[in-house]
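FYI, it's all coordinate maths here, none of it is from the lab. Since we're looking at a predicted model, the values are computed, not measured. As a convention, Cβ positions derive from the backbone with ideal geometry for all residues, glycine included, and neighbour counts pool all protein chains shown.
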Amino acid sequence: LYSLLDSYLKNDVVSIQESIVHHVEFTLARSRYKFDNREAYFAAAHSLRDRLIERWNDTQAWLKYKDPKRVYYLSMEFLMGRTFLNALHNLGVIAPYQEALSGLGYEMENVQQAERDAALGNGGLGRLASCFLDSMATLNLPAWGYGIRYEYGMFRQVVSEGFQKEQPDYWLTFGYPWEIERPHVTYPVKFYGHVSVHEEGSDGRQNFVWNAGEEVTAVAYDNPIPGFKTPTCANLRLWAAKPCQEFDLEAFNTGDYVSSIIDKQKAETITSVLYPDDKTFEGKELRLKQQHFMVSATLQDIVRRYKEQHKDFDAFPEKVAMQLNDTHPTLGIPELMRILMDENRLGWTQSWDITTKVFSFTNHTVLPEALEQWPVSLVEKLLPRHMQIIYDINWRFLQELQQNHGISGDKLGNMSIIVDTEYGKMVRMAYLALVASHTVNGVAAMHSKLIKETIFKDFNAIWPEKFQNKTNGVTQRRWLAQCNPPLAKLITDTLGTEAWVTHLDLLQGLREHAEDEEFQQKWAGVKKEAKVKLANMIKDLSGDEVNMEAIFDVQVKRIHEYKRQFMNILSVVLRYDRIKSMSPEERKDVVPRVVIIGGKAAPGYDLAKRIIKLISAVSETVNKDSEVGDLLKVYFVPDYNVSLAEVIIPGSDLNQQISTAGTEASGTSNMKFAMNGSLIIGTMDGANVEIAEEIGEENMFIFGVDAKEVPELREQREYLQVDPQFQHAVNMIKNGHFGWNDYFNPLIDSVTGGRDWYLLANDFNSYLQAQERVDSEWRDKKVWLKKSILSTAGSGKFSSDRTIHEYAEDIWKVEPQPPSPPE
Ligand code: 26Y
C-alpha cells in the first residue's frame, strides 16, 4: 500500500534504459539492437506506463482504505492530446528519460513526435475536462473522470484547394500505450424493449421490470492521470462497447448464423465515433445511445464501488459527487433513479433525495441551437423506463411549482421539462439537469450572470441558491511549463522558485520586472525562440520563411459565425487593400503581420466551411503578391489540434478573442495565450472580462459593443448605417478579388441586408481602431514587452487548480487525500 513512498521502479538513467530496452524486446518484440523513433516512443511509453501503474494501484488502494467522498466527472468528451511529455513532467523524470534515450541514440524531441493525439473531444468543453483531470490529480482529490473510448476521435482536417475535407482519425492503429484494458470490469447496458409492471409485496408497491430489446457490454479502459509532483494518480475510465455474450442467444438458433454475427457487431458501433459538431444539436439516435451507454456503465460502476463498502444507500450522498459536463450525460439522472428504485427497491422519495444530493451540472453555452432537446418518441423507444421516470420527475416538479411557488398557466408550461413543439414533444435536457441538480454553474462570471437572466430566468426566480459561477481555468503544467520551457525557465529564475507550477498566483511577482530593460530583453529572447518554432511549422506547411519581425497574429478555435473569423479576414482584406494603395515610401511605415488562422468546421456547417475557403482564397492572393511582400502574410493552419496549439500559442504575439459580446461562454485559449505573454485583441465577452480585470484593460486591445447592448442592436440591424470600410471589404470579395465570388455569396448574405446576427458590421469600426492601436504599440518595443510581461503576470487566476479548488469546496465538498504512511 505504501510502496509509492518507496517506489519499486527506480528512476536513475540506467534503470530507465533497462526498462526501455526490456519493452523493445518483450513488449514490442523487436530487436534490442534495431528500433526506430516510433518504437523508441512505444518502448519509452511502456516504461513510463509501468511507473504510472505503480502509482495508480497505490492511489486507488489508498482511497479504498480511506473511503472518502469521491467526485466523478462525467463527460462525453476528453480532449487529452499527447500524454508522454505530460507524464514525464508530472512524474519529475524528464531529465533522466532524456538522458536515457539519448544514451540509446534517440532524441527526446523526435521520440515525442511519434505520439498521436488522443482527440476524444471537439474543443473547449473537452479540453476543459482534460485540464480538470490534471488539476484534480495534482490537488490530490479523490477524483475519477468517466467517458467514452471512441475508436475514431475528432476528424483529421485536410484542406485541399482551400476546402475542408474530413478524414477519419483512427488513433488506435498502433495501439495506445496509456490505457489499461480491464476485461473483468464490464457491465451490461440495455436498450429498447418495454416495461412491465408487477404488483408485489405486502406494501403493494409496484415493481417495474424493463425487458430490453438489445443489450451490449461496456468494457472499462483505465487511463492513469498523474498529478504534478504528488503521489496521486487519478483515473480516467473510458467505456468501449462490445457484443454481449449471453443476450440474444436465441437469435443464433434461427438458422441464420452469419447475419446473427453481423447483427452482434453492431454493438461496437455505439462507441465508434465522436460526433464532430459542437454547437448545433441534432437528435441522432446513435448519439442518444452513446449518452445512455456512457452514463449507464458509469452509474453501475459507481454504485458497485459504493456497495462494496456500504450495506445501504444512506451514506451515498456523503460518498459520491457527480459533475455533469453540460447536459450530455444528463440521462445519468433517470438512470440513477432507475437503479435505486427498480434494482435496489428504494422508494421514490428516498431515491429522489439521493439523486438531488449527488448531481451538479455545468452549462457551457447560451446559444439556443446548442441546447439538447430529445424527442419524447425517441427516448420512449430507446429507453422506455427512463421516459417514465422523466415524466414522473416532471409531474412532481410541476406540482411543486404550483403548490409551493404559486406558478400556473403559461409560466408553468415554460418551465416544464417536457415541451410541445412543432416537431412533437421534446425533453429539455437542461431543465431536467437543473431540476435534479443541487447546483448549476456557468463557466465565467459574465456567462453565469447571463444564464440567470436568459435561459434559466424562471428557475433562478425560484432557486437562486442553486446558481453559482466557476470561472474556467487551464493547467499551467501543459500550457506553460511543458509547451514553453524557455519561458518557464525564465519565470522560475526570476521568481527564484518553481512553485508557480502549482501556485500560479505567484506569477504576480513578474509585475515588478515589467519595465526592467534587462528582463525585457530576456523576455524578448524567449518569445523569439517560441516564434522560431512557429515559423518552422509555417515553413513546413507552406514552404515560406516568414518575417520574424512581424506581429504573429493568431486566431485558433472552432470555426463558427459567433467567433467571427469572418470579421478577422475582412480586416485582413482591408489591410491588404491599404498596402496595395500605398507608395513604396509609405509602405516603409507598415507594421508587418503574419496572420495565422486555424480551426475545424463541423462537417455539416456550410457557412463555416465557406469561411475556411475564404481564408484560403485571401491567403493565396495576398501571399503571392510581391508588392505586399512580407508586410502581410496569411496562413490557414490545417488540422488545428492540441499538439499544434502547444506550438502555436507560445509563438504568438497577438491573439484574437473577438466573439460577439454575450456569445462565448468563457473561452479558454484566451487564458493560455495570456500565460504565454501573447496580447489579446478582443471583446468584453466570456472570461475576457475577468482577464481584463486581472491584467488591466490597458494591456489589452478591447473593442466592440457590450453584451447588454446586443439585443437592442439586433432589433435595429435593418436600420443601422453600414460602416463604409466594412462595405468596401465585402465588395472586394463580392467583386471577385480573391476569386470564387459566387461561392462566397451565402457568407456575404449572412452579414448584409439587415441580417448580421453576430453584428460584424456594427463592431467593425471599433475593431479596426483596436487593430490600429496594436500596430502603434508594436512600434514601441518597450511598451509591447511590458504588456506581454503583464499578461503573463496577471494570468494567475486562470489556473484550473483555482477552478477545481472552488468546485471541490463550493459544490462537491470533497477533500484532498494525499497518500500518507500509517501512524
Ligand atoms: C449537444 C452537442 C451539439 C454539443 C457538443 C459539444 C454541444 C456543445 C458542445 C461543446 C461545447 C463547447 O465546447 N463549449 C465551450 O466550452 C468551453 C469550456 O467551458 C468554453 O470556454 C467555451 O466558451 C464554450 O463555447
- Note on the structure: Assertion target for Arg511, Arg575, ordered by fewest C-beta neighbours within 10 angstrom first, is Arg511, Arg575
- Message: Taking amide H atoms as placed 1.01 Å from N in the peptide plane, list the residues 5 or more away in sequence, or in a different chain, whose amide H sits under 5 Å from that of Thr271.
- Response: Ala241
- Given 135-145, 413-423, the highest-first ranking by average Cβ count within 10 Å works out to 135-145, 413-423
- Nearest-ten-degree value, helix 760-779 long axis tilted from longest Cα axis of the chain: 60 degrees
- Query: Using the 10 angstrom Cβ neighbour count as an exposure proxy, how do Lys311, Lys633, Lys580 rank, fewest first?
  - Reply: Lys311, Lys580, Lys633
- Item | Angle between the chain longest axis and helix 606-623 axis [Cα atoms, degrees, rounded to 10] | 30 degrees
- Item | the chain: antiparallel DSSP beta bridges as a percent of all, rounded to 5 | 50 percent
- Query: Farthest toward the dipole's positive end in the chain, which of Ala436, Ser102, Ser259, given Cβ charges of +1 (Lys, Arg) and -1 (Asp, Glu) about the Cα centre?
  - Reply: Ser102
- Query: Is it possible to state the helix-based mean residue ellipticity at 222 nm for the chain, with each DSSP H run of 4+ residues giving -39500 (n - 2.57), the sum divided by total residues, to the nearest 500 deg cm²/dmol? What is it?
  - Reply: -14000 deg cm²/dmol
- Using the per-residue mean of other Cβ atoms lying within 10 Å as a proxy for protection, in what order, highest first, do the peptides 128-134, 547-553, 581-587 fall? 128-134, 547-553, 581-587
- Message: What do you get for the angle between helix 13-26 and the principal long axis of the chain? Use alpha-carbon atoms, 0 to 90 degrees, nearest ten.
- Response: 60 degrees
- Message: I'd like the chymotrypsin sites (Phe, Trp or Tyr not before Pro) in the stretch 262-346 restricted to DSSP loop residues with at most 10 other Cβ atoms within 10 Å, sorted by number.
- Response: none
- Note on the structure: Row for the stretch 1-127, column shape: gyration tensor on C-alpha, a ≥ b ≥ c, rounded if a/c < 1.5 i.e. under 1.5, prolate if a/b over b/c, else oblate; value oblate
- Task: Please work out the Cα center distance from the stretch 600-676 to the stretch 767-782, rounded to the nearest Å.
- Result: 19 Å
- Residues Ile611, Ile389 in order from fewest to most other beta-carbon atoms within 10 Å are Ile389, Ile611
- Query: Based on Cβ point charges of +1 for Lys and Arg and -1 for Asp and Glu, what charge dipole magnitude is obtained for the chain about its Cα centre, in debye rounded to the nearest 20?
  - Reply: 500 debye
- Quote the FRET efficiency, to the nearest 0.05, computed for Lys411 versus Asp540 with a Förster distance R0 of 41 Å and r equal to the Cβ-Cβ distance. 0.10
- Message: For a quick check: with amide H placed at 1.01 Å from N, whose amide H comes under 5 Å from Val634's, ignoring anything fewer than 5 positions away on the same chain?
- Response: Val595, Asn623
- Message: What would the Debye equation give as log₁₀ I(q)/I(0) for the chain at q = 0.04, 0.06, 0.09, 0.11 Å⁻¹, counting only Cα atoms as equal point scatterers?
- Response: -0.18, -0.40, -0.93, -1.36
- Expected sort for 317-328, 616-627 on mean C-beta neighbours within 10 Å, highest first, is 317-328, 616-627
- Item | Charge dipole of the chain about the Cα centre (unit charges at C-beta), most positive-ward option of Val379, Ala297, Ile462 | Ala297
- Could you size up the charge dipole of the stretch 725-823 around its Cα centre, putting +1 on the beta carbon of Lys and Arg and -1 on that of Asp and Glu, and report it in debye to the nearest 20? 540 debye
- Message: Which of rounded, prolate or oblate describes the stretch 634-752 when judged by the alpha-carbon gyration tensor and an a/c cut-off of 1.5?
- Response: oblate
- Task: Starting from the Cα gyration tensor of the stretch 139-241, take the square roots of the eigenvalues, sort them a ≥ b ≥ c, and report rounded, prolate or oblate (rounded when a/c is under 1.5, otherwise prolate if a/b is larger than b/c, else oblate).
- Result: oblate
- Query: Working out 0.36 nm times the residue gap between Glu400 and Lys457, then minus their Cα-Cα distance, what length gain in nm do you get to one decimal?
  - Reply: 18.8 nm
- Note on the structure: Sorting Gly667, Trp171, Ile569 by the position of each Cα along the dipole of the chain (Lys, Arg +1; Asp, Glu -1; all at Cβ), the one nearest the positive end of that ordering is Trp171
